Amino acid sequence: MTTSTQAKIPVLDLSPEIDSLWDELNAALQRVLRSGQFILGPEVKAFEEEVAAYLGVKHAIGVNSGTDALIIGLRALGIGPGDEVITTPFSFFATAESISNVGAKPVFVDVEEGSFNLDPGLIEEKITPRTKAIMPVHLFGRPCELDAVMAIAKRHRLKVIEDCAQSFGARYRGRQTGTIGDLGAFSFFPSKNLGTYGDGGLVTTNDDAVAELARMLRAHGSKKKYHNQLLGYNSRLDSLQAAILRVKLPRIDGWNEQRREVVGRYNQLLADVPGVITPELTDGHVFHQYTIRLSANRDEVQARLERQGVSTMVYYPIPQDRLPVYHGQYPANPVSDRLAQQVLSLPIWPSLSAECQERVTGALQAALQPDLP
Ligand SMILES: *Cc1c(COP(=O)(O)O)cnc(C)c1O
């Protein structure tokens, strides 16, 4: 079985999207270049209004990255040194890093095996007098169990900050993620479901006072230029990114629907493959990643797939609490530790063809054979 004549399949291919939007993107970029306004300005304001309307949230504040959205979000909610924030071990490091960077302590609560998300049943035992907030992550685009999280937060008077970096357009019981907790933090990193062609992020909230603080924090802690009131950041969304996002925003629901169709096909193709557990196609899930679990030899299977021209990724090989930066500070989270050994994310993007998917699943089945050289 040689694949040498076939093109490699990457984990993500943005070129079909860029090709399909080429003229509109060029017009948007030229409009910004001619405007002479490159940071914030009317383009960012228009995007903030459009994205707030799309999400159904009162305030949307464009910032420099998803990481900054988390940091600014935490600070706007009043979280800082001495506070504890409950979050998931199974996420990209920006989640815990943002908590540590505002001087608070991340407290990790293990995840549910099937959803990869924070297990609400394990939250309360980790609450202490220092706990100020819960930061759930809607991992891979699957909304976490927010009803349960919100009920616990209410009972213990905690803030909820949703890490929506992977969940743009996902809905929990019909409502957009990032609009249910006290605050949402989104990323527009190029590979995210709504990605731009650079860095970008967004803070969302329905709280006027929190929104005002977030707006100040992104602009050096000032409401009025040169009248800085607190220590903030230089974390403004730039106009070129906002103009690109305005071209892409009206397409996001269609693209997310296409992702779900891709997932339906993958799940069918892999339904009877022994040793492979496929993700559930749940309501509102937007599949930033299509992540399967393998019962054995994940790294070997990944290497074999690569040799057959199919690129895959492991999100995440090391849970956050196990990273060298937190060495020795945390007890084990058995589910998260196990998932880190089992997960494999297959190629996914909205226009991924059925033919490519068949090549991926065919290569996977071959790679799972124990007697392969
Ligand atoms: C991408 C990501 C972030 C950070 O977003 P950036 O825009 O890259 O800073 C935070 N949390 C999660 C879960 C992410 O996937």
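Collect the residues in region 272-314 that are under 26 Å from Ala170 (Cα atoms) and among the β-branched types (Val, Ile, Thr), keeping them in residue-number order.
Val276, Ile277, Thr278, Thr282, Val286, Thr291, Ile292, Thr312, Val314
Yes or no, residue by residue, for (1) outside the structural domain of Thr204 (by TED's automatic domain parsing); (2) at pLDDT below 95; (3) aliphatic (A, V, I, L, M); (4) touching a Phe, Trp or Tyr at 6+ places or on another chain (Cβ under 9 Å):
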residue	(1), (2), (3), (4)
Met1	yes, yes, yes, no
Ala27	no, no, yes, no
Gly36	no, yes, no, no
Ala52	no, no, yes, no
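If you go through region 213-235 one residue at a time, how many are of a type in the set (D, E, K, R) and assigned to a helix (DSSP H, G or I)? Outline the logic, then answer.
Here is the first cut: in region 213-235, the ones of a type in the set (D, E, K, R) are 215, 218, 223-225.
Among the residues that remain, those that are also assigned to a helix (DSSP H, G or I) are: 215, 218.
Summing the residues that are of a type in the set (D, E, K, R) and assigned to a helix (DSSP H, G or I) in region 213-235 gives 2.
Residues to consider are Ser115, Ser65; find the one that is within 20 Å of Ala214 (Cα to Cα), within 16 Å of the ligand (Cβ to nearest atom) and of a type in the set (Gly, Ala, Ser). Don't jump to the end; show me each part of the working.
Working: Ser115 fails: within 20 Å of Ala214 (Cα to Cα).
Only one candidate qualifies: Ser65.
Residues in region 268-297 that are more than 15 Å from Thr361 (Cα to Cα) and either in contact (Cβ under 8 Å) with a residue 40 or more places away in the chain or open to solvent by less than 30 Å² (accessible area, probe 1.4 Å) (or both): how many?
Summing the residues that are more than 15 Å from Thr361 (Cα to Cα) and either in contact (Cβ under 8 Å) with a residue 40 or more places away in the chain or open to solvent by less than 30 Å² (accessible area, probe 1.4 Å) (or both) in region 268-297 gives 10.
Applying the selection to region 88-130, what residues are hydroxyl-bearing (Ser, Thr, Tyr) and surrounded by 23 or more Cβ atoms within 10 Å (Cβ to Cβ)? Spell out the reasoning first.
Initial filter on region 88-130 (hydroxyl-bearing (Ser, Thr, Tyr)): 88, 91, 95, 98, 100, 115, 128.
Listed by number, the residues that qualify are Thr88, Ser91, Thr95, Ser98.
From the list Ser91, Ser100, which one is polar (S, T, N, Q) and part of a helix (DSSP H, G or I)? Write out each step before concluding.
Details: Ser91 fails: part of a helix (DSSP H, G or I).
Answer to the selection: Ser100.
Which of the following residues is within 10 Å of Ala60 (Cα to Cα), open to solvent by less than 60 Å² (accessible area, probe 1.4 Å) and away from the ligand (no atom under 16 Å from the Cβ): Ala219, Ala211? Break it down into steps so the answer makes sense when it comes.
Values: Ala219 fails: within 10 Å of Ala60 (Cα to Cα).
After applying the criteria, what remains is Ala211.
Within region 41-50, does at least one residue satisfy the condition of being touching a Leu at 6+ places or on another chain (Cβ under 8 Å), under 15 Å from Leu237 (Cβ atoms), open to solvent by 50 Å² or more (accessible area, probe 1.4 Å) and away from the ligand (no atom under 16 Å from the Cβ)?
yes
Restricting to region 319-333, count the residues that are part of a loop (DSSP other than H, G, I, E, B), open to solvent by 80 Å² or more (accessible area, probe 1.4 Å) and hydrophobic (A, V, I, L, M, F, W, C). It would help to see each step written out before you state the result.
Filtering region 319-333 down to residues part of a loop (DSSP other than H, G, I, E, B) leaves 319, 323, 327-333.
With open to solvent by 80 Å² or more (accessible area, probe 1.4 Å) added as a condition, the list becomes 327, 329, 331.
Of the ones still in play, those that are also hydrophobic (A, V, I, L, M, F, W, C) are none.
Number of matching residues: 0.
Return yes when Ile86 is within 16 Å of the ligand (Cβ to nearest atom) and more than 30 Å from Ala363 (Cβ to Cβ) and no when it is not. Please lay out each step first, then the result.
Details: within 16 Å of the ligand (Cβ to nearest atom): yes; more than 30 Å from Ala363 (Cβ to Cβ): yes.
So Ile86 passes the test.
What number of residues within region 105-150 satisfy the criterion of being assigned to a loop (DSSP other than H, G, I, E, B) and either closer than 29 Å to Leu344 by Cβ or not hydrophobic (A, V, I, L, M, F, W, C) (or both)?
Taking region 105-150 first, the residues assigned to a loop (DSSP other than H, G, I, E, B) are 109-110, 112-117, 119, 123, 127-130, 136, 138, 142-145.
Then keep just the ones that are either closer than 29 Å to Leu344 by Cβ or not hydrophobic (A, V, I, L, M, F, W, C) (or both); that gives 109-110, 112-117, 119, 123, 128-130, 136, 138, 142-145.
Result for region 105-150: 19.
For region 171-191, enumerate the residues that are surrounded by fewer than 24 Cβ atoms within 10 Å (Cβ to Cβ), of a type outside the set (Ser, Thr, Tyr) and more than 12 Å from the ligand (Cβ to nearest atom).
Across region 171-191, the qualifying residues are Arg171, Arg173, Gly174, Arg175, Gln176, Ile180, Asp182.
Are there any pairs with C-beta distances below 8 angstrom linking a residue in region 319-331 that is in contact (Cβ under 8 Å) with a residue 24 or more places away in the chain to a residue that is among the β-branched types (Val, Ile, Thr) and part of a loop (DSSP other than H, G, I, E, B), with the two at least 6 apart or on different chains, and if so which?
Gln320/Thr88
Do any residues in region 181-202 that are within 29 Å of Ala153 (Cα to Cα) and of a type in the set (Ser, Thr, Tyr) have Cβ atoms under 7 Å from those of residues that are part of a loop (DSSP other than H, G, I, E, B) and near the ligand (Cβ under 7 Å from one of its atoms), where the two are at least six apart or on different chains, and which pairs are they?
Going by the 7 Å Cβ cut-off, the qualifying pairs are Ser187/Ser65; Ser187/Ala165.
Tyr197 versus (1) in a loop (DSSP other than H, G, I, E, B); (2) closer than 15 Å to Asn64 by Cβ; (3) within 11 Å of the ligand (Cβ to nearest atom); (4) not basic (Lys, Arg): which is the lone unmet condition?
Here Tyr197 clears every test but (3).
The values are calculated or read from the model by the stated rules, or taken from the named source; none is laboratory data. Every value quoted in this text rests on a predicted model; they were computed, and no experiment measured them. Note: ideal-geometry Cβ built from the backbone for every residue, glycine included; neighbour counts use all protein chains shown. What goes into the accessible areas is simple: the full protein's heavy atoms, side chains included, and nothing from ligands, DNA or RNA. Shrake-Rupley method; radii C 1.70, N 1.55, O 1.52, S 1.80 Å.
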